[in-house]
Amino acid sequence: MHSTGRRLAQVTRENFREACALQVRPEQEGVVASVTESLAAAYVARDVAWPRLIYEGDQLVGFVMASFDPAAEAELYRCFLWRLNVAADRQGMAYGRFGVDALCDEARRRGERKLMVSWSEHQHGPEGFYLRLGFKPTGERNRAEIVAELPLGQG
C-alpha cells in the first residue's frame, strides 16, 4: 500500500516530547503552526481532530493532522487537512505526500469524497506542494487563506 518503512502513528505519552521537538525549516516557522500548537488544538477539538506522526522506520519525520467533522456548518471543515509539518532535513523526500496520501486513505475509509485544505500566500508557503498533489483552488477564501479541494475518488 505505502512505501515500506513509512508509517503513521498515533501521538502517545511515549512519543509526545519527540513530536513537539519536530522542527520545520526556519523560513517556514511563521507559515505553519508548530506541532505543539497543533496538538493543543487537537486536544481542544478532540472530537474531530485526527493527529498522526509520520515515521520512517523508528525516525520521526513529520506530522499530519486532519479534522473530520461531517456535521460542520462550513464545508471546508467536514474533511480538512488541518496541519502538515515535515522535519527540515526530511523535506523533499515525499514524506509530506505520504502523509497526505495516508490521510486520503482515512478519509475514504470514512466515506468522504473530497479533502479540503487552506494556505496562506507566502514565499515559503505550501502552495506549490498542494498544487502538485492535485488540490484545486475553489476561488473561496478562509481568513485570507486560499481554499482548495482534492477529489478522493475510489482510491
Identity of the residue in the stretch 34-47, not hydroxyl-bearing (Ser, Thr, Tyr) and not in a helix (DSSP H, G or I), that ends up surrounded by the most Cβ atoms within 10 Å (Cβ to Cβ): Ala45
Within the stretch 101-121, tally of residues that are more than 12 Å from the chain's Cα centre (by Cα) and aromatic (Phe, Trp, Tyr): 0
Qualifying residue in the stretch 61-77 (condition: more than 19 Å from Gln10 (Cα to Cα) and of a type in the set (S, T, N, Q)): no
Flag if Phe129 is closer than 24 Å to Thr36 by Cβ and touching a His at 6+ places or on another chain (Cβ under 9 Å): no
Of all residues making up the stretch 118-154, the number that are among the aliphatic types (A, V, I, L, M), assigned to a loop (DSSP other than H, G, I, E, B) and either at pLDDT 95 or above or over 17 Å from Ala74 (Cβ atoms) (or both): 2
Odd one out for Arg90 among (1) among the charged types (D, E, K, R); (2) within 15 Å of the chain's Cα centre (by Cα); (3) crowded, with 16+ Cβ neighbours inside 10 Å: (2)
Residue that is farthest from His122 (Cα to Cα) [pool: residues in the stretch 5-33 that are in a helix (DSSP H, G or I) and hydrophobic (A, V, I, L, M, F, W, C)]: Phe16
Given (1) farther than 17 Å from Val100 by Cβ; (2) aromatic (Phe, Trp, Tyr); (3) in contact with a strand residue (DSSP E or B) (Cβ under 6 Å, 6 or more places away or on another chain), index of the condition Phe16 fails: (3)
Whichever residue in the stretch 62-71 is modelled with pLDDT of 95 or more and surrounded by fewer than 20 Cβ atoms within 10 Å (Cβ to Cβ) and, among such residues, is farthest from Glu127 (Cα to Cα): Asp69
Single condition His124 does not satisfy, out of (1) under 13 Å from the mean Cα position of the chain (by Cα); (2) over 22 Å from Glu56 (Cα atoms): (1)
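The values are calculated or read from the model by the stated rules, or taken from the named source; none is laboratory data. Everything numeric here is computed off the predicted structure, so don't read it as measured data. Positions of Cβ are backbone-derived with ideal geometry, glycine not excepted, and every protein chain shown enters the neighbour counts.
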